[in-house]
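K.L.:
Can you keep this structure in mind? I'll have questions shortly.
The values are calculated or read from the model by the stated rules, or taken from the named source; none is laboratory data. This structure is a prediction, so every number in the text was calculated from the model and none was measured. So basically every Cβ, Gly included, is an ideal-geometry build from the backbone, and we count neighbours across all protein chains shown.
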Amino acid sequence: MDKATLRREIRAAKKAVPFLEKLQRSQAIMQQVSHLPRFVEAETLLLYWSMEDEVQTHDFVEQWYRQKTILLPCVDGDDLRLRAYRGPDSMVAGEQFGIGEPTGEEFTDYERIDIIIVPGVAFDRQGNRMGRGRGFYDRLLQRTPNAYKIGVAFDFQLRDSIPTEPHDIPMDQVISEI
């Protein structure tokens, strides 16, 4: 299956799941993340501020930002810049997609990032990830080679295999609600 077809298929599957069910499924996924030994030991995490069709992270970010450094991406042209989440009052709507982004100083010490929790359109059982097609995370993950990469997805986003390209960086682990 080609990427465009797979993206359409996943988009339709996401639309078929009511938001409250996505929220419940997301809580189960993020609960698994919070119990991972790597998460417990981690000090600096890069997450994402979820859009409505993604595994929901808002509650998780809010739950952990006082105990750990939680970084969120901010879209800057074709790149992602990182800033620490300092609470809901530090958030503004991003310019390109309207996704919440923290204000404040840019974080550039990529070596300090212990874990990256990565969204995606689809993942396969080998840890390969397919995003929305703009390459934001592909470029970011190249700058964070030491971080443990966790893809989070609803069960219908997991496939036996997905199309990959040479620049794609696989996840170390993929977690879904099943």
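K.L.:
Given the criterion at negative phi, basic (K, R) and buried (at least 16 other Cβ atoms within 10 Å of the Cβ), identify the matching residue among R129, R86.
P.N.:
On the way: R86 fails: buried (at least 16 other Cβ atoms within 10 Å of the Cβ).
On inspection, the qualifying residue turns out to be R129.
K.L.:
Can you say whether L45 is of a type in the set (A, V, I, L, M, F, W, C), in contact (Cβ under 8 Å) with a residue 60 or more places away in the chain, in contact with a Phe, Trp or Tyr (Cβ under 6 Å, 6 or more places away or on another chain) and under 23 Å from M171 (Cα atoms), as far as the supplied structure shows?
P.N.:
For L45, the condition - of a type in the set (A, V, I, L, M, F, W, C), in contact (Cβ under 8 Å) with a residue 60 or more places away in the chain, in contact with a Phe, Trp or Tyr (Cβ under 6 Å, 6 or more places away or on another chain) and under 23 Å from M171 (Cα atoms) - is not met.
K.L.:
Please state which one of R112, R129 is under 22 Å from V40 (Cα atoms) and out of contact with any Leu (no Cβ under 6 Å at 6 or more places or on another chain).
P.N.:
R112
K.L.:
Moving on to the next point. Checking M30 against (1) of a type outside the set (S, T, N, Q); (2) surrounded by fewer than 18 Cβ atoms within 10 Å (Cβ to Cβ); (3) at pLDDT 95 or above, which single condition isn't satisfied?
P.N.:
(2)
K.L.:
Ok, one more. Across the stretch 136-176, what is the total count of residues that are at pLDDT 90 or above, buried (at least 17 other Cβ atoms within 10 Å of the Cβ) and assigned to a loop (DSSP other than H, G, I, E, B)?
P.N.:
The number of residues fulfilling the criteria is 6.
K.L.:
Continuing with this model, one more query. Within the stretch 34-50, take every residue that is among the hydrophobic types (A, V, I, L, M, F, W, C) and more than 25 Å from T108 (Cβ to Cβ) and give me the one that is surrounded by the fewest Cβ atoms within 10 Å (Cβ to Cβ).
P.N.:
Per the stated criteria, the residue is V40.
K.L.:
Can you tell me how many residues within the stretch 59-80 are within 22 Å of P18 (Cβ to Cβ) and in contact with a Pro (Cβ under 9 Å, 6 or more places away or on another chain)? Explain how you work it out, then say what you get.
P.N.:
First, the residues of the stretch 59-80 that are within 22 Å of P18 (Cβ to Cβ): 59-60.
Still in the running and in contact with a Pro (Cβ under 9 Å, 6 or more places away or on another chain): none.
Total meeting the criteria: 0.
K.L.:
Kindly indicate the residue of the stretch 51-80 that is among the polar types (S, T, N, Q) and surrounded by fewer than 17 Cβ atoms within 10 Å (Cβ to Cβ) and also farthest from A93 (Cα to Cα) among those meeting that condition.
P.N.:
Ranking the candidates gives Q67 first.
K.L.:
Restricting attention to the stretch 26-39, report how many residues are under 15 Å from the mean Cα position of the chain (by Cα) and of a type in the set (K, R).
P.N.:
Number of matching residues: 0.
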